[in-house]
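Read the structure below first, then the notes.
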Amino acid sequence: MTEDISPIVDWRAQPHAEVERDGVRYTLLGTAHVSRTSVDAVRAAVASGEFDGVAVELDEQRYKALNDSDALAKLDLVKVIKDRKLAMFAANLGLAAYQRRLAEQLGIEPGAELKTAASEAIARDLPMNLIDRDVGQTFRRAMHKLGFWQRMKIGSGIAASLFVDEEVSPDQIEGLKEGDMLESSFGEFASGSPALYSALIDERDQYMAARLRETADASRHVLAVVGAGHLKGIANYLATDTREPAALIEELSASNKKKRIPWFSIALTALILGGFAWGFMHGGAALGKQLVLQWIMWTAGLTALGGILALAHPLATLAATIMAPLKPFRPPGLSSGIFAALAQVRLVRPTYADFLALRDDAQSLRGWYHNRVCRVILVFMLTNFGTIAGEWIAIANGARHLVG
């Protein structure tokens, strides 16, 4: 059992709710992710002896990140790239950088009260369950709900946050006092998008309520430590939701990839190939060849520029440059940046020290170029941005030729 050196705190004076269902009483303790008072309240609640089980608003990945300083060093970066999860990894790294700035600015580790809840429960031999949905799955479902331009806007915002070392705004800090790290990380995007809000907050409320019901087991009084922003939603679903927990969890964990037809990619491919065909049919071989050459020049050229700006290995830049003009023939989701990242990670292999220094190096632009793991992400992002910019410039130029 851990030694309690914190001031005595009346945890019941903090936001909380109680729900009784199926013979189990659930006490939901709402916390702020940047509050020392929340840390002390959690410690006092677990130490009170009232509870025979503890649940925490964490998923396995975030729990490991809070408790294992070597978690990133164990990452298989090649597998991340092959599984097309590098964008998610970059988003997670952006979240980690954001959390680090908060810790430096406020003097407290974001999520410290969640870490305290888990460690105190384990120290007292109480059953401890992680009830939040996998953060990567939440990001995927959030992106799935948005249109192309919204995804691009959020992606560019996350990319900017990786390189900008600035203080967290007062509005974001206030949002964290309301109690959700992911929503605050997305800032204005979450408040302005009902679809994004649904994935970040409402779906997770349903998921965590279902997890509480599923993991109660032999416990009769469970303490659930959750961000204050989730308190009302979880209490409502816990009291009223009649859906079977396991089925609901499976539904909310699905990516729905098979159900979504990539209409934008299909339309863009049709536009590109149709433009080439129109040029050959109505402008002759000269115009058709000119459109094809412009497409190759812009897409390959700006992709190569992205690789150069990222200081990529020459062969990684070459791989992306070759693949960039082949968009109409690549499977959806297989971007030129993936080929560049795979080549980069194999040609300039990150070391164990790179992984250990990842969180610190991600705080500065110099660190991004110095750290080999960061460099892989940099190569992936900048070559992809170059390809996308080249595509749209080529399409715009081609349209002017055809209309003229």
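The values are calculated or read from the model by the stated rules, or taken from the named source; none is laboratory data. Bear in mind the structure is a predicted one, so any value in this text is a computation, not a measurement. Cβ placement follows ideal geometry from the backbone for every residue including glycine, while neighbour counts extend to all protein chains displayed. Heads up: the accessible areas ignore ligands, DNA and RNA and are worked out on the full protein's heavy atoms, side chains in. Shrake-Rupley method; radii C 1.70, N 1.55, O 1.52, S 1.80 Å.
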Legend entry - Under-5 Å amide H pairs with A224, H placed in peptide plane, nonlocal only: T27, L28, L29, A55
Inset, instruction - Provide the packing ranking of 22-32, 376-386, i.e. peptides ordered by the mean count of other C-beta atoms within 10 Å per residue, highest first. - result: 376-386, 22-32
Legend entry - Backbone HN-Hα couplings from phi across the stretch 112-122 [Karplus 6.51/-1.76/1.60, Hz, Gly and Pro as x]: 4, 6, 6, 4, 5, 4, 5, 5, 5, 5, 5
Legend entry - Per-residue HN-Hα couplings for the stretch 218-229 [Karplus 6.51, -1.76, 1.60; θ = phi - 60°; Hz; x = Gly/Pro]: 8, 5, 10, 9, 9, 9, 10, 9, 9, x, 4, x
Legend entry - Accessible surface, 1.4 Å probe, highest first, among residues L305, L86: L305, L86
Legend entry - Listed residue pairs exceeding 28 Å between alpha carbons, taken from K79/K145; K289/K327; K145/K232; K82/K115; K85/K145; K79/K327: K82/K115
Inset, instruction - Along Cα→Cβ, 7 Å out, is where each label goes; now give me the distance between the ones at A270 and A239 in nm to one decimal. - result: 5.0
Inset, instruction - At a 1.4 Å probe radius, which order do M297, M88 fall into by accessible area, largest first? - result: M297, M88
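For Q105 and A286 in the same chain, what is the full-extension length gain: residue separation times 0.36 nm, less their Cα-Cα distance, in nm?
Result: 59.1 nm gained on full extension.
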Legend entry - Residue-wise HN-Hα coupling along the stretch 380-386, computed from phi with Karplus coefficients 6.51, -1.76, 1.60 (Hz; x: Gly, Pro): 4, 5, 6, 5, 5, 4, x
Legend entry - Heavy atoms of W368 accessible to a 1.4 Å probe, total area in Å² rounded to 10: 0
Inset, instruction - Can you sort E109, E251 by 1.4 Å-probe accessible area, starting with the largest? - result: E251, E109
